[in-house]
Amino acid sequence: MRIHLYFDEDSSRHSLVRELRARGANVITALEAAMAHRTDEEQLEWAAADSRALYSFNQGDFYSLHTAWLTAGRSHSGIILARQGTPVGEQMRHLLRLVNRLTAEEMQDRIEFLSAWGRDPLITDNGPLTTDH
């Protein structure tokens, strides 16, 4: 199953959501889910209940919540964290790469940093990696 995304308030840029949807991504924002002005814990609870990976710029708080949830035996549908100020185009490319490479099952209880999805691991500065010798 494909990853479905939930954008918290801080990451809900209209242009990013629109462009992701235009490319087939399943995205809902905190505002659309009537979750504006809720705590980070409530945001994660909503995303988990709706089987959505949460996307946020709030790295410190959500990393802590991820750790606390796993320690307590609670499960979530994944957390994707990005740096505030990351250009919209870069966010879009990296998010599309992530949702097209991982399944919802692989994302379960996982935390991913968007910056790690910036380069294709099979492409180097010298071109594609091959197994030819």
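Every read-out reported here was derived from the displayed coordinates using simple, explicitly stated rules and does not represent laboratory data. Keep in mind it's a predicted model, so treat the numbers as computed, not measured. We place every Cβ from the backbone using ideal geometry, glycine too, and count neighbours over all the protein chains shown.
List the trypsin sites (Lys or Arg not before Pro) in the stretch 1-31 that DSSP assigns to loop (not H, G, I, E or B) and whose Cβ has at most 16 other Cβ atoms within 10 Å. Which are they?
Passing both the DSSP loop test and the Cβ count: 13, 23.
In percent, what relative contact order does the chain have, based on Cα pairs under 8 Å that are 6 or more apart in sequence?
Taking the mean separation of contacting Cα pairs over the length of the chain, I get 27 percent.
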